[in-house]
Structure formats: C-alpha cells, structure tokens
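Below is one structure, written out as structure tokens; comments come after it.
The values are calculated or read from the model by the stated rules, or taken from the named source; none is laboratory data. These numbers come from a predicted model, not from an experiment. In this analysis, Cβ positions are derived from the backbone assuming ideal geometry, glycine residues included, and neighbour counts consider all displayed protein chains. To get the accessible areas, we keep the full protein, side chains included, count just its heavy atoms, and leave off ligands, DNA and RNA. Shrake-Rupley method; radii C 1.70, N 1.55, O 1.52, S 1.80 Å.
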Amino acid sequence: MINNKPIGLFDSGIGGTSIWKEIHQLLPNEDTIYLADSKNAPYGIKSKKEIQKLSFKNTELLLEMGCKLIVVACNTATTNAIKELRDKFDVPFIGIEPAIKPAANKSKTNCIGILATKGTLNSTLFHKAVLNYPNTKIIEQIGFGLVQLIEDGKIDSKETNDLLIQYLNPMIEANIDYLVLGCSHYPYLLPQIKKILPKGVKIIDSGEAVARQTEKILQEKTGYNSSLKSNQVFFTNGNPQVLKSILENKYDVIYKEF
C-alpha cells in the first residue's frame with residue numbers, strides 16, 4: 001500500500017531526535033516532520049494535565065501538516081498521554097516506554113537501574129509495568145536537570161557529568177547489570193554514562209524497538225512512501241542552533257512558534 005504522507009514525531013525538545021535517527025535509518029524513504037517543543041521542556045516536571053494539553057497541541061499541528069501516523073518520541077508524554085491521544089484522534093500512535101522487560105528478563109543479578117524523568121517514573125503506566133517483575137530489584141532514579149542541560153547544549157559539561165555520577169553511583173553499588181534509559185534525551189549522554197558504569201553493565205534504550213514498530217504500522221495500516229527521495233523537516237520553538245548541532249548540521253531547522 002502506497003501512502004506518501006509524512007510520519008510525524010514530537011518531543012519536549014531535541015531528545016526525540018534519537019528516536020527519529022533510528023526510524024530514518026530503518027525507513028530512509030519515508031518523509032518525516034519533527035516538532036521540538038523546547039519552549040516547554042522539560043515535560044517531566046509538569047502535571048499530567050499539562051502534559052496531555054501539550055501532547056494534544058503537538059498532535060493537532062502534525063495532523064494539520066498531513067501526517068499519516070504520529071510517534072510520541074517522549075517517554076513522559078507516552079506514559080501520561082498516549083491513551084488520551086488514541087481516544088481523541090483517529091490516527092495511529094506509536095509511544096515510547098522504558099524498556100523494563102528486556103532488562104529484567106536478561107538480568108543475571110536480578111537488579112536493574114532506570115534513569116528517567118519524574119513524569120515517567122510517577123506515571124500509572126510505569127508502575128503497572130514494574131509490577132510485572134516482582135523478583136527483580138529496580139533502582140529508579142529521576143534525572144533531575146539532565147533534560148534542561150541537553151536542551152541548553154551542555155551535553156559534555158562538567159555539570160552534566162557530575163549529575164550522572166551522582167545518579168548512577170547508587171545503581172553501581174546495588175550491582176545492576178542493566179541500565180534502562182527512560183527518556184529519549186538520554187542516549188545523547190551515552191559517552192559519559194559508559195565512562196561511569198562498569199564495563200559489564202549493559203545499556204538499553206527504546207529507539208530501535210520504536211523504529212521496528214513504526215515499520216510494522218506502515219505495513220499493516222498506513223502504507224509506505226513510494227518516493228525514492230525523502231524530505232526531513234524539523235521545527236523548533238527553542239534555539240534552532242542546538243537542534244542543528246544534534247543533527248550534525250545535515251538538515252535545515254525551522255523556527256516556529258507553537
């Protein structure tokens with residue numbers, strides 16, 4: 001089935017580009033439209049009602065631009081708004097949840113760590129997922145300040161590194177063998193995280209799984225783009241230079257108030 005409409009993605013800023021990169025790598029012929037709602041970042045400290053309101057606004061904008069499916073490239077928005085989005089809008093949604101299942105199932109120490117936002121860790125969806133693994137010790141850590149530092153272009157700063165050490169050391173002491181990154185911003189911190197964690201600790205994020213699910217939805221519901229040349233469009237209501245640098249200046253970034 002052919003459907004040349006674009007795939008829409010939104011996040012509370014630039015972090016969801018880690019998801020976009022996985023989707024674009026798997027589906028290079030698909031057009032995409034990405035919304036970086038950096039003006040309202042981070043979502044993780046907002047109320048459930050606020051997160052839902054922002055998610056509705058982002059969805060409406062992507063639908064106005066003709067998107068055939070929408071990837072909620074934000075763990076906080078997924079865990080707090082995905083059900084309401086699916087109830088309200090007649091379009092397929094793909095969400096992102098912390099990859100607890102593969103980490104818990106593969107753990108040899110029966111102890112895993114989860115670094116995520118307050119909004120994700122406090123959500124009903126997250127708590128339900130945790131209940132499925134009563135025999136696994138799950139060390140939860142809110143990544144206070146990390147999203148804002150990434151949004152400010154301070155990925156490699158001492159401040160970011162110091163926070164990561166503070167958040168990861170208790171997990172190391174508890175003998176985790178898997179770390180789950182529960183925020184789409186956090187894959188950009190992988191170089192620092194790998195330096196802090198013992199070599200035996202494996203790190204899991206959701207990007208590849210989301211890309212595979214996107215391909216499945218295209219195949220089963222919406223259809224593929226038949227064009228041989230794809231268009232990638234990025235909008236931000238924050239600093240365009242930060243998003244450009246994350247994309248390695250390979251793509252144009254449009255400033256848009258939304």
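The 3J(HN,Hα) values that the Karplus relation (6.51, -1.76, 1.60; θ = phi - 60°) gives for segment 41-54 are, in residue order, 6, x, 6, x, 9, 8, 6, 4, 4, 5, 4, 5, 4, 5 Hz. Gly and Pro appear as x. Compute the long axis of helix 207-217 from its Cα atoms, compare it with the longest principal axis of the Cα atoms of the chain, and write down the angle in degrees, 0 to 90, nearest 10. Relative to the chain, helix 207-217 is tipped by roughly 40 degrees.
Residues of segment 209-248 with an amide N closer than 12 Å to a point placed 7 Å from the Cα of ILE2 along the Cα-to-Cβ direction: 224-228. Carbon-plus-sulfur accessible fraction, the chain (probe radius 1.4 Å, protein heavy atoms only): 49%. Sorted largest first by accessible area at a 1.4 angstrom probe radius, with every protein chain in place, the residues MET1, MET171 fall in the order MET1, MET171. Across segment 1-142, the mean sequence separation of Cα contacts (distance under 8 Å, 6 or more residues apart), normalised by length, yields a relative contact order of 24 percent.
So what is the 222 nm mean residue ellipticity for the chain from helices alone, if each DSSP H run of at least 4 adds -39500 (n - 2.57) and you divide by all residues, rounding to the nearest 500 deg cm²/dmol?
It lands at -12000 deg cm²/dmol.
Karplus-based coupling profile of segment 66-74, in residue order and whole Hz: x, 6, 8, 8, 10, 9, 7, 7, 8, with θ = phi - 60° in 6.51 cos²θ - 1.76 cosθ + 1.60 and x standing for Gly or Pro. Each residue of segment 143-160 is assigned a 3J(HN,Hα), and the resulting list reads x, 3, x, 5, 4, 5, 5, 5, 4, 8, x, 10, 4, 9, 7, 5, 4, 5 Hz, derived from the Karplus form 6.51 cos²θ - 1.76 cosθ + 1.60 (θ = phi - 60°), x at Gly and Pro. Tell me the angle of helix 17-26 to the major Cα principal axis of the chain, expressed in degrees between 0 and 90 and rounded to the nearest ten. The two axes meet at around 70 degrees. Bridgeable lysines around LYS106 (alpha carbons under 21 Å apart, same-chain partners fewer than 8 residues away excluded): LYS128, LYS137, LYS194, LYS199, LYS202.
Magnitude of the charge dipole for the chain, about its Cα centre and with charges confined to Cβ atoms of Lys, Arg (+1) and Asp, Glu (-1), is about 460 debye. Exposed loop sites are taken as GluC sites (Glu not before Pro) in a DSSP loop (any state but H, G, I, E or B) with at most 14 other beta carbon atoms within 10 Å; the longest stretch of the chain without one runs 1-247. Rolling a 1.4 Å probe across all protein chains gives LYS229 an accessible area of roughly 150 Å².
Surface exposure of the chain, expressed per residue as accessible area with a 1.4 Å probe, stands at 47 Å².
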